[in-house]
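Chemist: Sharing a structure below in structure tokens format, with a few things to ask.
The values are calculated or read from the model by the stated rules, or taken from the named source; none is laboratory data. Computed from a prediction, not measured in an experiment: that's the story for all the values here. Here the Cβ positions follow ideal geometry from the backbone for every residue, glycine too, while neighbour counts run over all protein chains shown.
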Amino acid sequence: MNHEEQLIRYAANQLSENERAEFEQHLANCADCQTDLLLWKSVADEIHASNATVPAPVHLADSALEAIHAPSKLTRAFKSMTQLLRMQLLLIHNELWVGSAALMFIFLAMALLVARVEVLHFFVPIVAAGTVTLIYGSEHDPAAELTFATPISPWKILLARLTLVSAYNVFLALCATVGLLLILPPQALGELILGWLAPMTFLSALALLLSLWIGTSNALFISYTLWAAQYLALTSVGEWFAFLAPWLESYRQFWNDPALLFIFGFALVLFALWSAGREQVQWRRTIAL
């Protein structure tokens, strides 16, 4: 350790007794160290004086302990999310849960009776789209005024309800798909799920967004029309409309492309969440109230 380091530690009173005695012998014969020591002592005195003028808060120890034992931000966020989901679960119509389950059971029975998985592929997105249009808006919320008077952002309310209903629809569809294993091999399970999951995602997102802007009835009419249009047969409209064949084929391919359906579906969900607090949506909600 050089003399400069010893000087700093000496001024801070951090030398051992032997080191201190040895440095004091050097200090008695070194004018430069004596000058530097005066400087370091004046700095130390200023620091001590500044600290003495700032009183410690009365509850400093308690606050420090609370900060140490406080839950992490992730834990607090998870608790807030759980509380929001629980609160919104109570506000969604009970008939929605029972109706969705009943319809899914009926369509599963139909698929088993005719031994056609296409029945389930057609009706699962319809059920999901119909339910998500009923989750937001004063006409569907018995406690709308109380709900929208809370400090919670509208998009968070919408996201919580969408999460609950979508998860429930996926659960019902999964149960129905497992029921189809009575007539199909287990190896086909993954293909069966993908056959309804991607269209359900896009159609539900589209119906939800439309319901925010133009109302539930209009949203269902447009969504169901677009969904059914892919099954349009050109033979039923005659040869005059044969030029529509390439367009119709591209339209069918879109509904059978899981990647595109997922991408556009999630984009529509984000747009719907953004729309939840827009003036046009708020105006429509106020008129309904």
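Chemist: Taking the options V165, V124, name whichever one is at pLDDT 85 or above and over 17 Å from L84 (Cβ atoms).
Modeler: Answer to the check: V124.
Chemist: Kindly indicate whether any position in segment 115-127 is in a helix (DSSP H, G or I), under 15 Å from L184 (Cβ atoms), of a type in the set (V, I, T) and in the same structural domain as W155 (by TED's automatic domain parsing).
Modeler: Yes - at least one qualifying residue is present in segment 115-127.
Chemist: Taking segment 90-109 as the search range and keeping residues that are surrounded by fewer than 14 Cβ atoms within 10 Å (Cβ to Cβ) and aliphatic (A, V, I, L, M), which one is farthest from W255 (Cα to Cα)?
Modeler: Among those that are surrounded by fewer than 14 Cβ atoms within 10 Å (Cβ to Cβ) and aliphatic (A, V, I, L, M), it is L90.
Chemist: Let me ask something else about it. Which pairs have Cβ atoms under 7 Å, sit 6 or more apart or on different chains, and link a residue in segment 219-231 that is assigned by TED's automatic domain parsing to the domain that holds A205 and assigned to a helix (DSSP H, G or I) to one that is of a type in the set (A, V, I, L, M, F, W, C) and at pLDDT below 90?
Modeler: Note: no pairs meet the criteria.
Chemist: All but one of (1) of a type in the set (G, A, S); (2) at pLDDT below 80; (3) surrounded by 14 or more Cβ atoms within 10 Å (Cβ to Cβ) hold for A207, so report the exception by its number.
Modeler: Of (1) of a type in the set (G, A, S); (2) at pLDDT below 80; (3) surrounded by 14 or more Cβ atoms within 10 Å (Cβ to Cβ), only one is false for A207: (2).
Here's the yes/no breakdown for (1) surrounded by fewer than 16 Cβ atoms within 10 Å (Cβ to Cβ); (2) over 20 Å from I263 (Cα atoms); (3) of a type in the set (A, V, I, L, M):
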| site | (1), (2), (3) |
| --- | --- |
| L164 | no, yes, yes |
| V170 | no, no, yes |
| T177 | no, yes, no |
| L182 | yes, yes, yes |
| L203 | no, no, yes |
| W213 | yes, yes, no |
| T216 | no, yes, no |
| A219 | no, yes, yes |
| T225 | yes, yes, no |
